[in-house]
């Protein structure tokens, strides 16, 4: 019997191409609420993939091909549905690198996922429509017969031709940073790739990166790179006059939502030592003697990096105790003078960072910890887990251990979640969580931060000095009086607040963190060591598990989702400080480790951290996960390529281009350091050379 080509080739091809274009458009509309000119790329890349799927569906006999069609269509719908729901919950795209955590994610976020599915039931149903269409087409239209090699070769040529056509269209928006061309060939930023190139290309890049190990380190040419200190020099010409674009009004508002305190800024007595904060490492010599080309490239890179200098705050807290806290879901909206008085006190005393940002990374809390604890940028997903066997000499756990202490870490959730039983001992901590020694009075979700403090403080309060790390969980979503036990516990304390139920529930669960801090300070005072103890607290991420309208409600205005949404507090407090030290320059969680290392007079090399000592004279740089950035001169939006100028001074014409190059190198280097255990090449005899005087 002669097979009609339209039913055995054309119709299946149109079905697969149409299905993928349809899924891309549904996902784009429900994720970004609009379509723009760049939507052409998801459509163009859907065509060759649809033809490729057509080839796969013609390899076997009729029934085998029918099964293949069902599998391909089901997998496509699953991937698009998964990305849609995952993005709605976590505000980042799913990566196949997180498959090892599926069981933990389901156990912890099961209710959140169910809520996301129920609240997005319409787009999910739309994503499943191709399966309904396939059922009817298989019954009435498709022949599904095995195709002749000649016909398959035609399809292959067609797939390659349309893929080439898609590539030819990439320069349509130019080849500048974070254009479709740059994202496809160079940068591969998941958030921007999903938006501009589509889920098909995002998934293909994710799978290829998972399957293909590549030790090559490709950097932007350092010989042509102008570093930020050079961009500010008098020789920085040609210049460009800033556009008359102002910072969004909402970002100019006071971050605390309370009346600002007019306490004078403390100016410490200058010290003569303004030398670079570096160790005795000759990177050029290391590069000269290294055979591994990737490691040689990293050595050469660090040889070119300008260090930060010591300053009047260097060693300010030398010999002090340090309690470092990563607070789950903490944000500026948790701070209220009457409802959370301890948080209010700590955010308005000590060091006050008026322009601090906490980025949202691929693996939410784990990446938030990774940034603050290692001073490195998480690249891809599960960076903390990937580095679990690496040498991480600059972590505070290891640094304080070298001074004869036993650094301890506590978490009031399962000690195995995110494999912290493996990662946190590698950070230098004796790690205790639920399941390996932390027994709380109540078995609820989320657990009580207050109970964690009450249970653990006696384990170190009589040691002097000490370093303790806490990872809290009371502020975890869901933010409702039904889905959050801490919100329910503190519901009466927020009943009179002028907010919706969910907004009050968020503040209520953060009250538990406030009470935990109150108890902690009380115990430090009773032990007579409060004035010799520093409390440093930052968030892992903003409370992303909401619709944006909830954040708008708490903020009292429409929150800017490009920059303002990441703005947060960094608490750095010691009761012995007589006056506040106010820092207005932009800073981020990436700067926490170098800043604390400098304040405590630890041995570290500022060139080997991706952030900077906030208190130094180096130029500020805030890096967000999508490669947007903030300096003291401008705010650059990588999604749009637009710059919001914060100064009237003329800037180097390559200012944005060069900082983009610096950031690209930081991402590349940080990922390579983790993958290749780079610190072991620099410090083969660790801990030699690290002992603090």
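What do you reckon, is residue 503 touching a helix residue (DSSP H, G or I) at 6+ places or on another chain (Cβ under 8 Å), surrounded by 24 or more Cβ atoms within 10 Å (Cβ to Cβ), touching a residue at least 24 places away in the same chain (Cβ under 8 Å) and farther than 15 Å from residue 572 by Cβ? For residue 503, the condition - touching a helix residue (DSSP H, G or I) at 6+ places or on another chain (Cβ under 8 Å), surrounded by 24 or more Cβ atoms within 10 Å (Cβ to Cβ), touching a residue at least 24 places away in the same chain (Cβ under 8 Å) and farther than 15 Å from residue 572 by Cβ - is not met. If you go through segment 51-72 and keep only what is surrounded by 21 or more Cβ atoms within 10 Å (Cβ to Cβ), touching a residue at least 60 places away in the same chain (Cβ under 8 Å) and under 36 Å from the mean Cα position of the chain (by Cα), you end up with just 51. Scanning segment 583-608 for residues that are surrounded by fewer than 22 Cβ atoms within 10 Å (Cβ to Cβ) and closer than 28 Å to residue 562 by Cβ gives 583, 584, 585.
Flag: residue 324 matches the condition of being in contact with a strand residue (DSSP E or B) (Cβ under 6 Å, 6 or more places away or on another chain) and under 30 Å from residue 478 (Cβ atoms). Counted as qualifying within segment 126-217 are the helices (runs of 4 or more DSSP H) with 3 or more residues that are surrounded by fewer than 15 Cβ atoms within 10 Å (Cβ to Cβ) and at negative phi, namely 149-169, 199-211.
All of (1) at pLDDT below 95; (2) out of contact with any strand residue (DSSP E or B) (no Cβ under 8 Å at 6 or more places or on another chain) hold for residue 609 with one exception: (1). For segment 638-693, a tally of residues being under 30 Å from residue 209 (Cα atoms) and assigned to a loop (DSSP other than H, G, I, E, B) returns 8.
Does any residue of segment 422-431 turn out to be within 22 Å of the chain's Cα centre (by Cα) and crowded, with 24+ Cβ neighbours inside 10 Å? Checked against the condition, which is being within 22 Å of the chain's Cα centre (by Cα) and crowded, with 24+ Cβ neighbours inside 10 Å, segment 422-431 yields at least one hit.
The strands (runs of 3 or more DSSP E) falling completely within segment 501-604 that include 3 or more residues that are within 19 Å of the chain's Cα centre (by Cα) map to 533-539. Annotation note: of 444, 482, 457, the sole residue that is in contact with a helix residue (DSSP H, G or I) (Cβ under 6 Å, 6 or more places away or on another chain) and assigned to a loop (DSSP other than H, G, I, E, B) is 444.
With respect to the stated conditions, residue 614 is crowded, with 22+ Cβ neighbours inside 10 Å, in contact (Cβ under 8 Å) with a residue 60 or more places away in the chain and assigned to a loop (DSSP other than H, G, I, E, B). The residue pairs whose first member lies in segment 5-20 and is under 18 Å from residue 139 (Cβ atoms), whose second member is at pLDDT 95 or above and surrounded by 22 or more Cβ atoms within 10 Å (Cβ to Cβ), and whose beta carbons are closer than 6 Å, counting only pairs six or more residues apart or on different chains, are 12/54; 12/57; 16/50; 16/53; 16/54; 19/130. Here residue 335 meets each of (1) out of contact with any strand residue (DSSP E or B) (no Cβ under 8 Å at 6 or more places or on another chain); (2) farther than 30 Å from residue 681 by Cα; (3) surrounded by fewer than 22 Cβ atoms within 10 Å (Cβ to Cβ) with one exception, condition (3).
The values are calculated or read from the model by the stated rules, or taken from the named source; none is laboratory data. Values in this document were obtained by computation on a predicted structure and should not be read as measured data. Cβ sites come from the backbone with ideal geometry, for glycine too, and all protein chains shown count toward neighbours.
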